[in-house]
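This report refers to the structure that appears directly beneath it.
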Amino acid sequence: MMKNVTAIGVIMIALLVGNAARADDCVIVNGSFEDDGWIPNIESRDPIGWVVDMSAVKFGGRVYTDWATDGDYSLTVYSDWATFSAGDMATVSQDVNLADVVRIVFDVNLATGSKYVKWDPNICTAVVLVDGDVIWDSNSAGLVAKGAYRGEVCIDKKYRTEGLHTVSLGIRINVNEPLWENYYTRWDAVDCNNCPGVGFVKGDISGDCYVDANDLKVLAGLWLSDGVDPNDAANLSAVGDDLTSYATIDFRDFANYAAAWPGDMIGIEAIAAYWLGPVDPDYEYNLFHGDDITPRAAINFFDLAVLAETWLGCGGAEEGP
């Protein structure tokens, strides 16, 4: 039986070599803020393509040339001298179709109003939101000091639906106290065109735009785990509780992943359809008979091992563990 299990791994690797699927560009309007020229106060005029949401008493913003990575301009959103409540936030937003988007990328610069004052992540955080949910923040990304960074965030599959979703960039204050120091978040080169070519492919678990061994590694790491978030990228099936409270990562998810491979996948879906369930012993993909109990048979890894050993071949496989 060991050589059958080994064959599974060999077949997986062989089928992963070669073509890989890519995902479509999304369109973020004026992501580098070059369409505006100088805007001294974004409360008075929104940057083209963006909508500003901030308290003029607590926050401010501008489009200017004080820092840029793509072109001459960037967006700055900053805290003013004011008394804050934890969770106070200022954002600029635009509506984007995320159906084929794997991730959003951007450049961000964290700064304070004085070269002598360090950026304190306990006080202030740069944030990216979708539909009002924080999906990235500078603290969790490990950006806890002044400086320029390249950021990215994978788009959860619950947002990858047809229709528009609101993508926001901004600044959040984390304390209940007066601030006598300005905190600045500067944004540039905001885009989600890292996967040009074709539509989003469900089997791209790792979010690198390809269906390849990186995805298999993630899938294997969660194999037979239960309690997985239903929105986890590795939860590729839609069975029972997978859609609601928790998910189990199993062969059904692997079958969806395998469907994205180039080449002949005949048999995988037929086995997955009855995985660990009873079938007639004469079912076409009841390939291993050593564990059959008449009048029923079970579809499990023994059958998958036989399929792996005979993949794209003409010969038979031995029966028995």
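How long is the gain from Trp180 to Asp53 if the chain were fully straight, where each residue apart is worth 0.36 nm and the alpha carbon distance is subtracted?
43.5 nm
P(r) tail for segment 27-91, what percent of Cα pairs lie past 13 Å? Everything past 13 Å amounts to 61 percent. For segment 113-118, backbone phi angles converted through the Karplus equation (6.51, -1.76, 1.60; θ = phi - 60°) give residue-by-residue couplings of x, 9, 5, 8, 9, 6 Hz, Gly and Pro being listed as x. Listed values for segment 292-298 are Karplus-derived 3J(HN,Hα) couplings in whole Hz (6.51 cos²θ - 1.76 cosθ + 1.60, θ = phi - 60°), namely 5, 10, 4, x, 10, 10, 10, and x replaces Gly and Pro. In segment 59-189 the Cα-Cα distances spread across 10 Å bins starting at 0 as 13, 44, 33, 10, 1 percent of all pairs. Note that segment 66-78 has calculated 3J(HN,Hα) couplings of 6, 6, 7, 10, 9, x, 9, 10, 8, 9, 10, 10, 9 Hz, one per residue in order, obtained from phi through the Karplus relation 6.51 cos²θ - 1.76 cosθ + 1.60 (θ = phi - 60°); glycine and proline are x. Taking amide hydrogens as placed 1.01 Å from N in the peptide plane, the amide H of Phe84 sits under 5 Å from those of Glu177, Leu179, each at least 5 positions away in sequence or on another chain.
Here is the link list: Lys118/Lys158; Lys58/Lys118; Lys118/Lys217; Lys58/Lys157; Lys118/Lys157. Which ones come out longer than 28 Å on Cα distance? Result: Lys118/Lys158; Lys118/Lys217; Lys58/Lys157; Lys118/Lys157 exceed 28 Å. Under Stokes-Einstein, with the Kirkwood radius over Cα pairs as Rh, the value for segment 94-137 at 20 °C and 1.002 mPa s is 164 µm²/s. Computed from the C-beta positions of Ser245 and Glu162 and an R0 of 25 Å, the FRET efficiency is 0.50 to the nearest 0.05.
Bear in mind that the values in this text are calculations on the coordinates, not laboratory data. A quick note: this is a predicted structure, and the numbers were derived from the prediction, not measured. Ideal geometry is used to build each Cβ from the backbone, glycine not excepted, and the neighbour counts take in all protein chains shown.
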